[in-house]
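Have a look at the structure below, then the notes.
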Amino acid sequence: MKSTSTSPTEVASEEEQYYDKISDLKAFDETKAGVKGLVDAGITKVPRIFFSPADEFDKVSDPGKNEFYVPVVDLDGIDKDPILRKNIVDIVRDASETWGFFQVINHGIPDTVLEEMLDGVRRFYEQDTEVKKEWYTRDGSKTVVYNSNFDLYRAESANWRDKTYCNMAPNPPSPDELPKSCSDILVEYSRKVRELGRFLFELLSEALNLNPSHLIDMNCAEGLAILYHYYPACPEPELTLGASKHADYDFLTVLLQDHIGGLQVLYQNQWVDIPPVPGALVVNIGDLLQLISNDKFKSSQHRVLANNVGPRVSVASFFTTGLMPSSKIYGPIKELLSQDNPPKYKETTVREYSLHYNAKGLGGHSQISILLSFRCPA
Ligand SMILES: O=C(O)CCC(=O)C(=O)O
Ligand SMILES: [Fe+2]
């Protein structure tokens, strides 16, 4: 029988591994050059801090070969035809209840703006490293937070991507507080995505059989954080992930991805590709919308695979006030509740929920339990 006691040498070697990991993480962090810096230095092996644990659903998933397709919603003409609007609301309802994801086309943001936004992201990450380093920080109160892996020191494994976070609403920064390489387009894109977000919240309100302004009146569209990502080409993509599996902590996310691909959603216990569609934006329900809809809408787990081609760039627009001080309380919407549908969640604030999420970081089992820890006892 195997002994369960641990010998002193085993303890020492476990500690050594632990300290190795911390010093590897620190050394990586201190370069302030992110994953792009490793690739620029000519790395051919993925360092151990990026090794991802095996995922339980990989065994049963065969993305690209299963029969599932994330719905694509065409918004063309929606404002001119009430019957068309009702049909679109039905598709949005169905997608939000099952996938928690859909793509939108003819959403009103011109292709030129989308292209310029992606170009701006490339310009930011591909500028001189010494200039870019000035934005590198782990201080979440800064207007612009550029780093690699916001959860570097607490995640199970680091992700093969660099990320920048800017709060664009409700208190927009002045353009000169933003990086010169992308400030103009960040301001323009944010304005347009905010308008689109308000429109999507109207459709989602209607999909919940509420007044069209219900979610906007609850301030779901008040905050906007833009997160722009750079996923460098990876020499050993099977060993790591671009983004570990997670659900988003906001009300709603609108994602702009380039042509490379790699985003997947967990649907019926299978990883399903969300393929790039030219001109489309990916929309997904966040945890806070799952909470206030009392589980009618679903905040689905998703991830990004690493790829040996790249870089891949993407821009996620998070509708949330995040860590901003907030006193407004969110719980399941009263109009949706009944004797047969009692509240499934406790009330919270956006800040409390975001703090909880930040403390956990992406990936592994900790993620899955975040919404669960706000559930009312059965
Ligand atoms: O880059 C992507 O495609 C996804 C990013 C994402 O899931 C996130 O920022 O929450
Ligand atoms: Fe996400």
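The values are calculated or read from the model by the stated rules, or taken from the named source; none is laboratory data. Being a predicted model, the structure only gives us computed values, none of them experimental. In this analysis, Cβ positions are derived from the backbone assuming ideal geometry, glycine residues included, and neighbour counts consider all displayed protein chains. Side chains included, ligands, DNA and RNA excluded: accessible areas come from the protein's heavy atoms. Shrake-Rupley method; radii C 1.70, N 1.55, O 1.52, S 1.80 Å.
Given +1 at the Cβ of Lys and Arg, -1 at the Cβ of Asp and Glu and no other charges, the dipole of segment 8-374 around its Cα centre is 420 debye to the nearest 20.
Of all the accessible heavy-atom surface of the chain, with the other protein chains kept in place and a 1.4 Å probe, what percent is carbon and sulfur? Carbon and sulfur: 53 percent of the exposed surface of the chain. Which GluC sites (Glu not before Pro) in segment 254-353 sit in a loop by DSSP (not H, G, I, E or B) and have at most 14 other Cβ atoms within 10 Å of their own Cβ? Filter output for segment 254-353: E347. For the pair segment 170-209 and segment 85-150, the centres of their Cα atoms are 10 angstrom apart.
Each DSSP beta bridge with both residues in the chain is either parallel or antiparallel, and the antiparallel ones are about 90%. Looking at the chain, the accessible area is 47 square angstrom per residue; that uses a 1.4 Å probe and ignores ligands, DNA and RNA.
For the residue pairs K32/K296; K21/K142; K26/K59, the alpha carbons lie more than 31 Å apart in K32/K296; K26/K59. The alpha-carbon positions of the chain define a convex hull whose volume is 171 Å³ per residue.
Which residue, A225, A41, A243, has the most motion in a Gaussian network model of the chain that connects Cα atoms within less than 10 Å? In the Gaussian network model the winner is A41.
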